[in-house]
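Trainee: Okay, here's the structure, questions in a sec.
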Amino acid sequence: MKKIAFTALIALPLAACNSNTAPGNDREAQLDPPATAAPIEAAASALANVSPGLMLPETMNDADIAALGAGQACQFRLTEVAFPSFVYDGDGGGAIKINGKLIPVTADGPGSYSNGELRIRTRVLDDEGDAGLQMQEMIVVGPRMKDEFGFWGYTTCPAGGA
């Protein structure tokens, strides 16, 4: 009898901890608020106080793409399933997200974009990923950068597209 009482005494605190409070379990799931778009700024102000070594492209969310009106634009993605890091269209416009800000760029020539001292070059590569997306190279040169940053990723544009 003492063994049963002792076991019950040990199990009592454990039973009190057995509450299933994880979101989606036995209660309504806690939903995150919808993502908001990053501010749109010129390169000079968006990158003014950023170290050149930290001028790396970030992924855009759906709100960013909607704010840019780039729902039908070509997209450069770092992986085949990622959100885009750079969007561009056949009309000579594009945008990149750096330092939590969307920076619009204009085309200087085929595969070449700029905004102030920020320069971006893209080049379609002769390879494709496992999901069939065309590989693409993107080179970013920002203000005060001694070296360029190069990225291989994927584009949603067909070969010969925008």
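Trainee: Consider K97 carefully, then state whether it is touching a helix residue (DSSP H, G or I) at 6+ places or on another chain (Cβ under 7 Å), open to solvent by less than 30 Å² (accessible area, probe 1.4 Å) and not β-branched (V, I, T).
Mentor: Working: touching a helix residue (DSSP H, G or I) at 6+ places or on another chain (Cβ under 7 Å): yes; open to solvent by less than 30 Å² (accessible area, probe 1.4 Å): yes; not β-branched (V, I, T): yes.
Yes; evaluated as a whole, the condition is true for this residue.
Trainee: Condition (residue is surrounded by 17 or more Cβ atoms within 10 Å (Cβ to Cβ), under 19 Å from the mean Cα position of the chain (by Cα), polar (S, T, N, Q) and under 25 Å from P34 (Cβ atoms)) applied to region 136-144: is it met by at least one residue?
Mentor: No, every residue in region 136-144 fails to be surrounded by 17 or more Cβ atoms within 10 Å (Cβ to Cβ), under 19 Å from the mean Cα position of the chain (by Cα), polar (S, T, N, Q) and under 25 Å from P34 (Cβ atoms).
Trainee: Out of A22, A35, A43, A73, which single residue is modelled with pLDDT under 90, open to solvent by less than 50 Å² (accessible area, probe 1.4 Å) and not aromatic (F, W, Y)?
Mentor: Values: A35 fails: open to solvent by less than 50 Å² (accessible area, probe 1.4 Å); A43 fails: modelled with pLDDT under 90; A73 fails: modelled with pLDDT under 90.
The match here is A22.
The values are calculated or read from the model by the stated rules, or taken from the named source; none is laboratory data. Quick caveat, the model's predicted, so the values are computed rather than measured. Please note: Cβ atoms are built from the backbone with ideal geometry, for glycine as well, and neighbour counts cover all protein chains shown. Surface areas here come from the heavy atoms of the whole protein model, side chains and all, with no ligands, DNA or RNA. Shrake-Rupley method; radii C 1.70, N 1.55, O 1.52, S 1.80 Å.
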